[in-house]
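*Asks:* One structure, pasted below without further comment.
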């Protein structure tokens, strides 16, 4: 498992933390497939799997974003608009790689995982951390 959940990702909001762990698990499963099994399959089959994985990541992310946004609304988070724009970035990344995978030619199936992991790492440690601190402070009041 190349991507490990750790304290650096923990926000202290159980529902969001569990979803962040699940997101990493989805990335790990995809990484394992493309690292080990994909080389023995025809390129079109790998491409179809890639499109399915990207759709799964996008769909999971949309549900997760709805969870985060419900916390933002409930606690009147002042940076909701900026946070939502950060969420849109991930959806844009997934769309970009779906389009790229749909075209013929060479395509590295691990590339999308690395880009999404970079987004995840920054988003959770900085953008979500700020939200988590705000929510925990609001719940103490």
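*Asks:* Looking only at helices (runs of 4 or more DSSP H) that lie completely in segment 26-137, which have at least 3 residues being closer than 18 Å to residue 10 by Cα and at pLDDT 95 or above?
*Replies:* Details: elements: 43-74, 80-102, 109-122.
It comes to 43-74, 109-122.
*Asks:* So the check is Cβ under 6 Å with 6+ separation or different chains; which pairs have a first residue in segment 69-81 that's touching a residue at least 40 places away in the same chain (Cβ under 8 Å) and a second one that's part of a helix (DSSP H, G or I) and surrounded by 10 or more Cβ atoms within 10 Å (Cβ to Cβ)?
*Replies:* 71/135; 72/80; 75/135; 75/138; 77/134
*Asks:* Identify, by number, the condition in (1) under 18 Å from residue 19 (Cβ atoms); (2) buried (at least 18 other Cβ atoms within 10 Å of the Cβ) that residue 63 doesn't meet.
*Replies:* (2)
*Asks:* Right, something else. Restricting attention to segment 81-115, and to residues there that are more than 21 Å from residue 46 (Cβ to Cβ) and crowded, with 16+ Cβ neighbours inside 10 Å, which single residue is nearest to the chain's Cα centre (by Cα)? Break it down into steps so the answer makes sense when it comes.
*Replies:* Within segment 81-115, the first condition is being more than 21 Å from residue 46 (Cβ to Cβ), and the residues that meet it are 81-92.
Checking the rest, the ones that are also crowded, with 16+ Cβ neighbours inside 10 Å come to 83, 86-87, 90.
On the way: 83: 14, 86: 11, 87: 9, 90: 7 Å.
This residue is 90.
*Asks:* For the list (1) in contact (Cβ under 8 Å) with a residue 40 or more places away in the chain; (2) within 21 Å of residue 39 (Cβ to Cβ); (3) exposed (fewer than 15 other Cβ atoms within 10 Å of the Cβ); (4) within 12 Å of the chain's Cα centre (by Cα), I need the number of the one condition that residue 55 fails.
*Replies:* That leaves (2) as the condition not met.
The values are calculated or read from the model by the stated rules, or taken from the named source; none is laboratory data. Small disclaimer: the values here were computed from a predicted structure and weren't measured. In this analysis, Cβ positions are derived from the backbone assuming ideal geometry, glycine residues included, and neighbour counts consider all displayed protein chains.
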